[in-house]
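Structure first, then comments.
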Amino acid sequence: MDTPFNNYLKKKMQEKDILLMTHIVLGYPSWETCLQVVETMVKAGVDLMELQIPFSEPMADGPVILRANQKALEQGVTVQQCLDFARKVTETFDIPFFIMSYYNILFKYGVERFAQTLKARNLQGAIVPDLPPEEGQEYLDLMKKHDLTPVLFFSPTTPDSRMKYIASLSKGFIYCLSRKGVTGADTNFSTDLASYLSRCRLATSLPLALGFGIKEKADIDFIKGKADIAVIGSQTIRIVDNEGSGAVGKFIRSLR
Amino acid sequence: MDTPFNNYLKKKMQEKDILLMTHIVLGYPSWETCLQVVETMVKAGVDLMELQIPFSEPMADGPVILRANQKALEQGVTVQQCLDFARKVTETFDIPFFIMSYYNILFKYGVERFAQTLKARNLQGAIVPDLPPEEGQEYLDLMKKHDLTPVLFFSPTTPDSRMKYIASLSKGFIYCLSRKGVTGADTNFSTDLASYLSRCRLATSLPLALGFGIKEKADIDFIKGKADIAVIGSQTIRIVDNEGSGAVGKFIRSLR
Amino acid sequence: MKNRGYYGEFGGAFIPEILVATFDELVDAFEKAKNDPSFWKEYLEIMSTYSCRPTPLTPAENLSHYFGGAQIFIKREDLNHTGAHKANNVMGQGLLVKRMKKTRVIAETGAGQHGVATATMAAKFGFRCTIYMGEVDVKRQRPNVFWMQRLGAEVIPVKDGTAILKDAINEAFRDWITHMDDTHYVLGTACGPHPFPEMVSYFQSIIGQEARKQILEKEGRLPKRVFACVGGGSNALGIFKAFLDDPVELVGVEAGGKGLPTGQHASRLASRDGSIGVAQGYKTFFLQNNDGQMKETHSVAAGLDYVGVSPILSSLKEQGRIRVESATDQEVIDALSLTLKKEGLIPALESAHAFAQAFKEAGKLNRDDLIIINQSGRGDKDIFTIADAFDDPSWKEFIQEKAHGYTL
Amino acid sequence: MKNRGYYGEFGGAFIPEILVATFDELVDAFEKAKNDPSFWKEYLEIMSTYSCRPTPLTPAENLSHYFGGAQIFIKREDLNHTGAHKANNVMGQGLLVKRMKKTRVIAETGAGQHGVATATMAAKFGFRCTIYMGEVDVKRQRPNVFWMQRLGAEVIPVKDGTAILKDAINEAFRDWITHMDDTHYVLGTACGPHPFPEMVSYFQSIIGQEARKQILEKEGRLPKRVFACVGGGSNALGIFKAFLDDPVELVGVEAGGKGLPTGQHASRLASRDGSIGVAQGYKTFFLQNNDGQMKETHSVAAGLDYVGVSPILSSLKEQGRIRVESATDQEVIDALSLTLKKEGLIPALESAHAFAQAFKEAGKLNRDDLIIINQSGRGDKDIFTIADAFDDPSWKEFIQEKAHGYTL
Ligand SMILES: Cc1ncc(COP(=O)(O)O)c(C=O)c1O
Ligand SMILES: Cc1ncc(COP(=O)(O)O)c(C=O)c1O
């Protein structure tokens, strides 16, 4: 289990009381801005990043990310461009990058070819929200074969037994959905969430990333000690949309 | 059977090879015009006249008479006004006048009261196209009681036996519809019509009036000898509409 | 004239001489058909393969619960082909036309329902078809005109008189007077000269026959009351006939329009404004003035907006065998709205009159009382009127956008 | 995840982790219901008392004669309550929702038919109801929006993506992901993650069960071919299922739009433009580009205008058990027009695709061959589209006058 990525996570987790993973939609609002945002985020101390290849049917995404997907596609963003951009950032910045997308993108590209490409471009792995492990056997095998990290999910509705099952197939870390619902909506940081996270903790020894609805320092303070990685998705897109890519650095720094 | 009216008809039929009965819609286009038209017609030698009390549902009338009914009603023509006008013309002009209307006008007025009024105003009788004799027993009795002439109909679809039955209830003359259809349409003056009229002749010894579609001298020439009275309905209304009441006299004189 | 068809003092056949032979032929054909058991079988066969008979009797549990009184059942004539009980009548007359070997049918229509039904029947039987429709109605009911034309019928806008239903009836008679040899006039309701009232209610009686059987099968007892809207009276007679000999109260509901006191209604029997008269070939209660001229009527439901009423209903009313009430436009819209929300049913505006009256009474009955409402038709045909009645702003916007699109 | 539901390589349940438990619950409830004989009885009961089942199988004698080939029969799903086969599915899922003790339903809708059906079912069962509908469709299909609202449903216009059916499906899933505790998503066709394809076709299979029985009773033999239009595939599977083990050719008809060569169509199986993909929770043929992004589709029939297709149909197609054809918008309008004139039937534009294909084939079959066309719905809902397709000037005038009236 001691992959270089795990070692990286361990080391970071020793340095910081919580890690940050952020999210961008590739090609949105433009390739230039994307690059600036990645640079700003890395400089601001982000520990991991999700690069979302836009998809026309982003079922699990809320309005902010959904519209970013759409705009990117309208602007003609292709899968190839996304993978090329990914190569550029992995060459330039020294943190782990994950591709996030829906399964059809992988499927049409060819899952094996997709894994090979990820590996060749030095990506760390992938996050595919519409691919439950039962449907993803081939994908999991190929990711494993190419030494990539396929990130799987826990959710508050996942029973303990299923958490164990998912954990058994997981590598790197587990992405814990903070609540029901899609990306971008508010989350209630409550005792329910705390007890859910302790259920997660019991089910796996892997680090836990908590995502959906994290927007500010208070949220992060709440989850410190309960999860290992805080995932910030829609909020940074909102900030870029409203205040420009320059504002992202300040925002990230304000979180910890 | 030798009523004064019958004697009148006989006398006229001896004088002329065909009699003319004309038709006006009371109150249309105005009371003044109506009076002028009656005067002109009588002067031009018309032998009998139908005065139609307008009704909102003139089922058996074609477009010309139908619209005259409607216009008259829109102008507020009432049954009382019609009967008053009738008194005026019977006082002024020395030919027999008939009231023509649909049964509801009589029914609402009260059939007995209606007959009394007709008698009192010196009208000769009535023509009620939607009252077959089977429905008209009371009406026939009351007309008889008041010495009035209830004119009944033959039609080309009336079988011989029924013609006999209708004749047996008739007085004055029989109104023979020249064809299927409503007032105002063209009639085909053909051998069919001739043989129909001889059927009529066989069924009754009463004079025959032929109505529907008579428009010009040629039509009247055709029926001379086959019928006794030519009924001119829609055509005079058309002439008044198009050329004014003045033109009616010339038209009537052109017919014989 | 063979038979005049009187119900008490109502009915008769006040027809021009030229039509007497045609009516005799029709009376003959109808009598023969009635006495020929294969005819009704043929009728049932076509109604069950072409339309959807028997139509269901739907228990309206939510409405029953809501009013907390009688158990409400709804007879679903809306599920007929073309969306109303009108199908029963036209298909029956269609079979008769075939027997008479005529090749053309004509009909009057007000709302357009009977016109669509007749045009449909004509398409099915291969008859030529002409529909007379008041010009005012042509304008109001364009969707139905569109369908009649697509079904191959000629639609003639009647510009005379008040240019509504009664004028279309007159015009249809004028056509018939001219073309009776090959043409049958498919009158749309239980009005007009004999044999129409009898014949139309004969075909419509299938409604009550089914409903009576269905309620007995389901509940083992008769309903306490049966409600039906009354335009010409065909759907009402259709459901009432089977219950005439039963201890069942039969309630007809006329159009109360803007309220009886306003005079803007079409209540010939429920108001004091109706009086006996003779028009359109028969004797009954009409809304007419003292001279016998027919009045303008008003209802939100085009199909109830008629000056006359079935002579059979006039007679049943006079005998005290039926009760006749009225529902106002507003009561009707409210009843429609409630029925939509509670049962997922969309009664036609006409039918919603029956619902409105039933709703006034249901709560006062006992829980073990049963009532049946005749849903004579479906309301989606009425969207233009209903959307206007609800004053729906997005509907208006939609229409305006559509119109704008057509201007470009 | 208990069961994934594969048909050959098609189907599956590609769902976010958060929904896995909900799907497991649904699969459970559905399996239990299927194994409980009282469930199907309850289903039949409600379909025969609330809707009009069994729907007739109408012999189309005029069309048969016109083409001079096979005897044509038409399965009349248009006579269902709410006017289409959609009723079968929603009522079935409604019963299931009751069993699961949920209190709210959501649905996507394109043409609005499934939305109206779901809102109707919700009113009947007393569920709260939210309908997702692409904004483009909301604008095009305002009459249905109006009815859904009147039925008590909330209609949410979906502005994202292409703002049509597939986007409404995504949005419904997003709602479900958030509210699965009290909410059931009533998917409208035999698509989506397991168990929807199986479940929807299970409820729709009542069509074929009846049709098979009816044709055997009437004609004593099986049809040669059965035609059904294919949007998501629910009406097609509904009628096909009963004939799968029979020597009967099953023909699905997709939207050919402006013609396959133009690319403006929705033929996922009949054209070469479809390719296998995974979206909206299942694997099937989609109209997508090489990157896997879904394409815009086109059809005159809103209900066929969808990028995916039932995985069960994809599998039957691959096995060679069904044939899939396409009909262009123009062929569909022509078929509709002919059916109106010859039989007095108004198929929905969707259903008219099945008619169009059947008409291409009927004349080439023998007189003793039988064919069945599934008339999945009625076309009067489509008047705005059909009037436009016929380019009817009086319709335009009517709409313009209406619009003018609203401006005053
Ligand atoms: C649905 C519906 N119900 C009722 C009526 C009224 O007619 P009747 O009283 O003959 O049933 C009509 C007439 O158009 C109608 O369309
Ligand atoms: C009448 C009708 N037929 C067919 C369809 C297509 O759906 P499916 O292929 O699931 O039957 C629709 C969809 O809205 C419809 O309304």
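Read-outs: derived from the displayed coordinates by stated rules, not from any lab. Please read these numbers as outputs of a predicted model, since none were measured by experiment. No Cβ is skipped: glycine too gets one built from the backbone with ideal geometry, and neighbour counts run over all protein chains shown.
So the values come out like this:
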item: Shielding by other protein chains, C:51-61, mean Cβ within 10 Å; result: 4
item: Restraint check, B:K71/C:K139; A:K180/C:K341; A:K180/D:K102, Cα-Cα greater than 19 Å; result: B:K71/C:K139; A:K180/C:K341
item: At q = 0.08, 0.10, 0.16 Å⁻¹, base-10 log of I(q)/I(0) for segment B:4-254 (Debye sum, equal scatterers on each alpha carbon); result: -0.27, -0.43, -1.23
item: At 1.002 mPa s and 20 °C, Stokes diffusion of the protein assembly as shown via Kirkwood alpha-carbon radius, µm² per second; result: 61 µm²/s
item: Relative contact order for chain C, counting Cα pairs under 8 Å that sit 6 or more residues apart, in percent; result: 20 percent
item: Sequence of D:H265, C:H179, D:H404 once ranked by neighbouring C-beta atoms within 10 Å, starting from the fewest; result: D:H404, C:H179, D:H265
item: Exposure proxy order (Cβ contacts within 10 Å, fewest to most) of D:C191, B:C176; result: D:C191, B:C176
item: Gyration tensor verdict on chain D (Cα atoms; rounded if a/c is under 1.5, prolate if a/b is larger than b/c, oblate otherwise); result: rounded
item: For D:Q288, residues with placed amide H under 5 Å, excluding near neighbours; result: D:S275, D:K295
item: Ranked by how many other beta carbons lie within 10 Å on average, peptides D:128-138, C:242-252, B:203-213 from highest; result: D:128-138, B:203-213, C:242-252
item: Teacher prompt: D:F390 distances to equivalent labels in other copies, 7 Å Cα→Cβ, nm; result: 2.6
item: Magnitude of the charge dipole, the protein assembly as shown, Cβ model with Lys/Arg +1 and Asp/Glu -1, debye to 20; result: 980 debye
item: Label 7 Å beyond Cα on the Cβ vector: B:G76 copy-to-copy distances, nm; result: 7.8
item: Among D:G320, D:L95, D:L408 - extreme Cα towards positive end, dipole of chain D, charges at beta-carbon; result: D:L95
item: Cβ charges +1 (Lys, Arg) and -1 (Asp, Glu), total dipole of chain A, debye; result: 480 debye
item: Integer Hz, Karplus 6.51/-1.76/1.60 couplings in order for segment A:5-15, x for Gly and Pro; result: 5, 4, 5, 4, 4, 4, 4, 4, 5, 6, 6
item: Residue-averaged [θ]222 nm for chain D, counting only DSSP H segments that reach four residues, each worth -39500 (n - 2.57); result: -14500 deg cm²/dmol
item: Taking A:Y175, D:Y6 and counting other C-beta atoms within 10 Å, the order from fewest to most; result: D:Y6, A:Y175
item: Space enclosed by the convex hull of the alpha-carbon atoms of segment D:139-218, per residue, Å³; result: 159 Å³
item: Electrostatic dipole magnitude of segment D:271-408 [Cβ: Lys, Arg +1; Asp, Glu -1; Cα centre; debye, to 20]; result: 480 debye
item: Computed P(r) (all Cα pairs; segment A:31-133; 5 Å bins; percent); result: 2, 12, 23, 25, 22, 13, 3, 0
item: Separation of alpha-carbon centers, segment A:86-103 and segment A:184-218, rounded to whole Å; result: 24 Å
item: Nm distances between copies for C:Q209, ranked from closest, using label points 7 Å along Cα→Cβ; result: 2.9
item: Angstrom value of the Kirkwood radius, inverse mean 1/r, which spans all Cα pairs in segment B:1-79; result: 14.1 Å
item: Of D:L26, D:L336, C:M148, farthest towards positive along the dipole that unit charges on Lys, Arg, Asp, Glu beta carbons give the protein assembly as shown; result: D:L26
item: Above-threshold pairs, the threshold being 28 Å between Cα atoms, out of C:K224/C:K317; D:K124/D:K342; D:K213/D:K317; result: D:K124/D:K342
item: Computed [θ] at 222 nm, deg cm²/dmol, chain B (DSSP H ≥ 4; -39,500 (n - 2.57); rounded to nearest 500); result: -14500 deg cm²/dmol
